[in-house]
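Taking it in order: structure first as structure tokens, then the write-up.
None of the figures in this text is laboratory data; all of them are computed from the coordinates on show. A quick note: this is a predicted structure, and the numbers were derived from the prediction, not measured. Positions of Cβ are generated from backbone atoms using ideal geometry, with glycine treated the same way; all protein chains shown enter the neighbour counts.
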Amino acid sequence: MTLLGQTSAWSGIPVGEHLWVFSPMIALIATMLAVVACPIVVGRSARTIARVATLGVIVTLGLTLATWGEVSTNPVSGLSTQPTSGMLIADNLSIGFQVILMVFLLGVIYLWKIGSAGSEENAPEFFILLLGSALGMILMVSTSNLLMIVLGIEMASLPSYAIVGFNKRDRKGAEASVKYMIFGAVCAAIMLYGVSLLYGMVGSLSVADLARYTVEQFAGGQHPLLLSVGLLCLLVGPAFKISAVPFHFWCPDAFEGARIEVTTWLSVASKAAGLILLARMVSTFAGAVDEPLAMSVLKPLAWTIGIMAAVTCTLGNFAAYPQQSVKRLLAYSSIAHAGYMMMAVAVFLHPQADRSGEPMAALMFYIIVYVFMNLGAFGVTALVSWETGSDRIEGFTGLMRRAPWLAVPMVVCLISLVGLPPMAGFLAKWWVLVALGSLADGWGANLAWFLIIVAVVNTLISLYYYLRIVVVMTLRDTGEPVIRSPIGGLALVNFCALMLLALLVVSAPLKATADRFSRNLFDATTVTQPAGEPVAAALDRAD
Amino acid sequence: MSILTWIVFVPMLGALLCMVVPRRQIRTVAVAASLVTFLLSLSLFATFFNPAGETSGEGFGSRYGMLQHVQRATWIESKSFAIEYFVGMDGLSFPLIVLTTLISLLSCLASWNFDKWAINKGPRAYFALFLLLETGMLGVFVSLDFFLFYIFWEVMLLPMYFLIGAWGGPRREYAAIKFFLFTLAGSVLMLVALVAMYFYSDQAITAEMARQGIEGVASGYREGVIISHGTFDLMELATNPAIQNHFAASSTLFLGWRFAPLMFLFLFVGFAVKLPCVPVHTWLPDAHVEAPTPISMILAGVLLKMGGYGFLRLCYPIFPTGGMTWAFPVAVIGVVSIIYGALCAMAQTDFKRLVAYSSVSHMGYVMLGIAVMTDTGFQGALFQMIAHGISSPMCFFLVGMVYERAHHREINRFGGLWLTMPRYGTLATIGFFASLGLPGLCGFIGEVWVLLGVFAAAEKFTWAIPMAILAAAGVVLTAGYILWLIRRVYLGKEREEHAGFPDASGRETFILVPMALLCIALGVFPMQTVFIFTNGTLDAMLAQMARVIGMGS
């Protein structure tokens, strides 16, 4: 095991090349620095800061796309002498996530500009934290090294705690922030404990080594207590980010207390990062098994994640029933959706299996659609609550008359969240079901059909509380005044709704993109590399 | 492009047009769109008068899977996985397509006086949703890819929900949500079946290829086509021997249960809710009573038929062994629906609720006829669906006309309406007698055919004769509540409070007369109007099913 600090180890690393593929992260850091520098150079104007941040995000996005071509055929496990335990990974998955995240970040910044730019005094600090959490999320999905995983989760979490309670005069936000932080700290501690246990047993921080060790132990018919405890503790970290039950308690409070742009950001980005991190670990474990038929040794892991997913989406849906605040209702809905997505993560497929990329593609597809659904739903909630000063469900009464251009996209987004055709939310669920179905061929049939039934029954459960909002918007009217919203906000939410409709009819490009994100999933983590062979050569071979 | 595609999407184009035209033109656009759709669907009759001289059900050939106006295009593709836009028509779907376009046109005309309704806000939304609903319904009948079928099946929910919820009676919110929840509850298990049927057919095909050492398995119904993966093609699922053997084998398990009976059940629940049958019928009276008249017509005329169509298209041809396993429970549910529905109808004092319960009763015959799996039973069930699809929208429109004038639906407060409104009274009598099943009118043929079908199943099922007797007793109950209804509402002395009611207007007559004529035509010429189109396909389907059941035993 080699740590970065040991100078002798640097000799074999093609640093320049690696710096290029990781340049999006560097660009993001540069943007943060630029935001810090802004007040000194051009003043603290919120709009200027937002412009700088937008520019930085666009540059990051551009760099991501520029490096993609290279990375897609030649995934890099870099910044280490050992390609199997690289500190950072750049492959289709991480690049894909960066693209999604940056596009989503642009949407969130835009929402912020509409709603909060006028009243915000501490814009530079806000953006440093926002971009910092984005960087943390990118780190989370770009590694399969336990140390970097911990660092990534912390990097993503710490700024999140701060932006949840960013307005210090807001008591609710402060309370939410403290709850979030205490919960996060405990989860981080548990995860660190788990990592230390695992490191003690395996002697390496690489997830690939951990996976091999685990598979050896499990294949021998042993399930050592220490290893199981270590793995469970490790799971707590991503589960906290995903807000999977029972690590979800922070989620409703934080989402309700935070400003709505922040809620939008956390509801998608932090969960997506956690899910992809978990999925990458899962695929590493699957890659450590010798042959497709021996996958059943990982059954305990699959069932653990699967049951967690089933409980998460069921509980999230039921807990949403009594909510009166739309923000809080959508918080519980996001817990439920995390559960659906986590189901795709529970599908352990061997790299050589027929559809090995399918679960990850389903997850990416879901995340992309989820971006539109949540940006739309939270966007409408934001526009309504900024105008009426309340995010209660009653505040939406008669929206169809008061603001048809808000009500129609809201209906589309909510029905899409239920997962009914003709919205893209149905296809997102569909691909998860198909991914689960591909597990049904062998050892995982029971798990797969169990999860499929849980998923479809949950669709039914969730219908009722989404309909509550639809009902007050469309079927009731108490004569409240008309709502006028900024044209930019209307454009944003209507665009989201339009995408949800269009993506069902023409889903092929999106599916192709999701497939592309999940291609070469196993290369960066499972390549077995003889000592001394150059990194690039080994990776070429893996192609 | 297949004409069926046009039939499905013309209403949707009309809906888009409704969004942009000036407010006063909306209803014209809507009627025009549904009229065009209806005319297009009439052109389908040409299929049967082709130069080959085939004027019977033979137009669809002698085996299940002969289709007309097919259009297939890959829609969603992934590795080893293709969802198709696959539409086509056979004797099973053909009459239902024409029925749908006809009832849609008539109920669109019934919406002509939208501006005078109690709730008349948002005609744009109303007509757009109405046309979207029509697209959804037609889509269900023409799509032959299970995935596409499911999409259309669900697409229909939302427009219906809003149409009941926004323009309905006092308890519209409750009725709309109940409709939505019940239907979705039924269809979530269909989604499980959708996934499972794909993966199990994939297993079947893969195993067959491995067994024979070949690259692909010959399609069950298309000449020269080879399939190498699982499929969503409803025809393929029903006709491919490899898939059918795998589905029917007792060693094929799903979570420890036998595959065919369980999948049959998953699908059955969804269609039974839609049909609806006891005990999942409770959404129907609520939805009917609260829905505006044209929506009730659609609901009774077309939506309920989707349940029966689902049985005949999915449950039985694909899982015939499941049908054998569940024959007795299904028949019991059918008979209970007949009798319970009739008894409930008898107890109603609300005119519209009575007609709603009579629908439950009539749909019970459909279920019973299908359950016994004889050719007469199938034919009777399909005929009953079509007959009810004509008579029951007519009854609902008749109720709606009275309600518009009287603003109440209390049966006991009416009386002597025939004297007040002679033209209306005559047409009403035809409609209700058709619903009653009077010989010479359409309701009779369906019921008799079903009963004959059940008797014919006596060799297969020992319980068939008692069932038939019970179901025949239901006919008496039906006669009871309809005759009693006619006496209370239309006969007797003219009442003061109703004396000023105008007789049926030109528009109303224009809506009622086609349905009245069809009631008579179907009753007098059942062969020429329905059976020649449907029997070929149904017989072929039964032959196909018999082969599979024979193999299984």
Quiz item: Per 5 Å bin, what percent of the C-alpha pairs of segment A:12-146 does each bin hold, from zero upward?
Solution: 2, 11, 20, 21, 16, 12, 9, 6, 3, 1, 0
Quiz item: Given the pairs A:LYS511/B:LYS274; B:LYS178/B:LYS460; A:LYS179/A:LYS299; A:LYS327/B:LYS116; A:LYS113/A:LYS327; B:LYS178/B:LYS352, which are separated by over 28 angstrom at their Cα positions?
Solution: A:LYS511/B:LYS274; B:LYS178/B:LYS460; A:LYS179/A:LYS299; A:LYS327/B:LYS116
Exercise. Can you tell me the dipole magnitude for segment A:12-146 around its Cα centre, using point charges on the Cβ only (Lys, Arg +1; Asp, Glu -1), in Debye to the nearest 20?
Key: 320 debye
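Using the crude model of +1 on Lys and Arg Cβ and -1 on Asp and Glu Cβ, and no other charge, please compute the dipole size for chain A relative to its Cα centre, in debye to 20. Spell out each step's value before the answer.
Values: 29 positive and 29 negative charges, 306 e Å.
So the magnitude is around 1460 debye.
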Quiz item: Roughly speaking, what % of Cα-Cα pairs in the protein assembly as shown are separated by over 59 Å, rounded to a whole number?
Solution: 17 percent
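Using the number of other C-beta atoms within 10 angstrom as an exposure proxy, rank B:MET367, A:MET181 with the fewest first.
Details: B:MET367 30, A:MET181 19.
Placing the least packed residue first, the sequence is A:MET181, B:MET367.
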Quiz item: How far is it, in nm, from the label point at B:LEU181 to the one at B:ALA118 when both lie 7 Å from their Cα along the line to the Cβ?
Solution: 2.3 nm
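With +1 on each Lys and Arg Cβ and -1 on each Asp and Glu Cβ, and nothing else charged, work out how big the dipole of segment B:155-313 is about its Cα centre, in Debye to the nearest 20. Write out the running numbers ahead of the final one.
Values: 9 positive and 9 negative charges, 88 e Å.
Roughly 420 debye, rounded to the nearest 20.
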Self-check item: Separation between Cα centres of segment B:83-128 and segment B:281-353, rounded to whole Å
Solution: 20 Å
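Could you rank the peptides B:148-157, A:22-31 by their average count of other C-beta atoms within 10 Å per residue, with the highest value first?
Result, highest mean Cβ count within 10 Å first: B:148-157, A:22-31.
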Quiz item: With point charges of +1 on the Cβ of Lys and Arg and -1 on the Cβ of Asp and Glu, referenced to the Cα centre of chain B, which listed residue (B:ILE511, B:ALA331, B:TRP112) lies farthest in the positive direction of the dipole?
Solution: B:TRP112
Exercise. Could you run the Karplus curve 6.51 cos²θ - 1.76 cosθ + 1.60 with θ = phi - 60° over segment A:401-408 and give me ³J(HN,Hα) per residue in whole Hz, x for Gly and Pro?
Key: 8, 6, 7, x, 6, 9, 5, 5
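DSSP loop GluC sites (Glu not before Pro) in segment B:376-460 with at most 12 other Cβ atoms within 10 Å of their Cβ, which ones? Can you show the working numbers first?
Working: sites: B:GLU404, B:GLU410, B:GLU447, B:GLU459; in loops: B:GLU459.
When the GluC sites (Glu not before Pro) of segment B:376-460 are filtered for loop state and at most 12 Cβ neighbours within 10 Å, B:GLU459 remain.
Under the definition of partner shielding as Cβ atoms of other protein chains within 10 Å of a residue Cβ, what is the mean value for peptide A:454-462?
What the average comes to for A:454-462 is 4.
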Quiz prompt | Charge dipole (chain A, unit charges on Cβ, about Cα centre) - positive-most of A:ALA34, A:THR314, A:PRO404 | solution = A:PRO404
Exercise. Using label points projected 7 Å from each Cα along Cα→Cβ, tell me how many nm separate A:VAL36 and A:LEU501, to one decimal.
Key: 4.7 nm
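Taking each residue of B:185-198 in turn, how many C-beta atoms of other protein chains fall within 10 Å of its C-beta, and what is the average? Don't skip to the end; give the middle numbers.
On the way: counts 5, 1, 4, 10, 4, 1, 11, 8, 1, 4, 11, 6, 0, 3.
Per-residue shielding by partner chains comes out at 5.
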Exercise. Based solely on C-alpha atoms, express the radius of gyration and the Dmax of segment B:223-317 in angstrom.
Key: 17.4, 52
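For chain B, what does the helix formula give at 222 nm: sum of -39500 (n - 2.57) over DSSP H segments with n ≥ 4, over the residue count, nearest 500 deg cm²/dmol? Intermediate values should be presented prior to the final figure.
Values: 23 runs with 366 residues, N = 553.
Using -39500 (n - 2.57) per qualifying helix, the result is -22000 deg cm²/dmol.
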Exercise. Hey, can you grab everything whose amide H is under 5 Å from the amide H of B:ALA249? Only 5+ residues off in sequence or another chain; H modelled, so Pro and N-termini drop out.
Key: none
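Of the listed peptides A:54-60, A:334-340, what is their order by residue-averaged count of other C-beta atoms within 10 Å, with the highest listed first? It would help to have the intermediate numbers written out before the result.
Working: A:54-60: 19.6, A:334-340: 27.9.
Answer by packing, highest mean first, reads A:334-340, A:54-60.
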Exercise. Compare the Cα positions of B:LEU398, B:SER359, B:LEU42 along the charge dipole of chain B (+1 at Cβ of Lys, Arg; -1 at Cβ of Asp, Glu; about the Cα centre) and return the one farthest towards the positive end.
Key: B:LEU398
Quiz item: Can you list the GluC sites (Glu not before Pro) in segment A:25-130 that are in a DSSP coil and have 16 or fewer other beta carbons within 10 angstrom?
Solution: A:GLU121
Exercise. Be a star and scan segment A:153-186 for residues whose amide nitrogen sits under 20 Å from the point 7 Å along the Cα-to-Cβ vector of A:SER119.
Key: A:162-177
Quiz item: Separation between the A:LEU151 and A:LEU293 pseudo-spin-labels, each 7 Å from Cα along Cα→Cβ, expressed in nm?
Solution: 4.3 nm
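If you build the convex hull over the alpha carbons only and average its shadow over all orientations, what do you get for chain A? Give it in nm² to one decimal. Could you put the intermediate results ahead of the total?
Details: hull surface 93.7 nm².
The orientation-averaged projected area of the Cα hull of chain A comes to 23.4 nm².
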Practice problem: Report ³J(HN,Hα) in whole Hz for each residue of segment A:246-260, in order, from the Karplus equation J = 6.51 cos²θ - 1.76 cosθ + 1.60 where θ = phi - 60°; Gly and Pro get x. | Solution: x, 10, 9, 4, 5, 4, x, 5, 5, 5, 6, x, 6, 5, 5
